[in-house]
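Every number in this text was worked out from the coordinates using simple rules, so none of it is lab data. Just so it is clear, the structure is predicted and the values come from calculations on it, not from any experiment. Counting neighbours? That spans all protein chains shown, and the Cβs are built from the backbone with ideal geometry, glycine included.
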């Protein structure tokens, strides 16, 4: 279970409470700007034992940005994360899943592990119903899947509908929810 784009005050604390109800651990790919604005919530994510990944500072489209500026986005976010953690974060997820091969090679050379997904909730899409979001996840998730939700305002309605149901459904089937790389 992964969450992109937070921390967001209106939704991330709710996500943390729902995860706690199911003893679920997740990986949060955070935007550096949001970490700076909502440091207390970021510290709550860490305090609850979830893993942290870098999701750039301002959520740019990698294909529309030169490599040097893209790396600056990542490094600025790592500096922000370093203010809260004693260990270096090496997990990285490109916003929109868009990264050039040059950007990817540079990040891997700096020790980052680029983490994509195999199940996308589509929770940010306004034209997808709450039920379709839920059905999409349970129909495509298998053991070892990396599911992407978004702890953002744009996704809040679909996330709040689907997340508890997804956790309940897979808990009843004996699944565990772990952090990457566990």
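Test of understanding: what is the full-extension gain from residue 143 to residue 61, defined as 0.36 nm times their sequence separation minus their Cα-Cα distance?
Gain on extension, residue 143 to residue 61, equals 26.5 nm.
Viscosity 1.002 mPa s, temperature 20 °C: Stokes-Einstein D of the stretch 1-99 from its Kirkwood Cα radius, in µm² per second?
Working: Rh = 13.5 Å.
Answer, rounded: 159 µm²/s.
Output the relative contact order of the chain, whole-number percent, from Cα pairs under 8 angstrom with separation of 6+ residues.
Details: 311 pairs, mean separation 50.8, N = 182.
That works out to 28 percent.
Find the eigenvalues of the gyration tensor of the Cα atoms of the chain, then list the square roots of 5 times those eigenvalues as equivalent ellipsoid semi-axes, largest first, in whole angstrom. Could you put the intermediate results ahead of the total?
Numbers: eigenvalues 132, 63, 48 Å².
Equivalent-ellipsoid dimensions as semi-axes: 26, 18, 16 Å.
Order by neighbour count: 102, 165, fewest other Cβ atoms within 10 Å first, most last. Kindly include the intermediate steps, with their values, before the conclusion.
Numbers: 102 13, 165 16.
Listed from fewest to most nearby Cβ atoms, that is 102, 165.
I'd like the distance between the alpha-carbon centres of the stretch 1-62 and the stretch 142-181, rounded to an integer number of Å.
14
Would you calculate a helix-derived [θ] at 222 nm for the chain, using -39,500 (n - 2.57) for each DSSP H run of n ≥ 4 and dividing by the full residue count, to the nearest 500? Present the calculation step by step, with values, prior to reporting the outcome.
Values: 7 runs with 78 residues, N = 182.
It lands at -13000 deg cm²/dmol.
Suppose the chain between residue 110 and residue 153 were pulled fully straight at 0.36 nm per residue; how much longer would it get relative to their current alpha carbon spacing? Walk me through the numbers before you get to the answer.
Working: separation 43, 0.36 × 43 = 15.48 nm, distance 3.21 nm.
Stretched out fully, the residue 110 to residue 153 stretch lengthens by 12.3 nm.
Sticking with the crude label model, points 7 Å out along Cα→Cβ, report the distance from residue 10 to residue 117 in nm, one decimal please.
Reported label-point gap for residue 10 and residue 117 is 2.0 nm.
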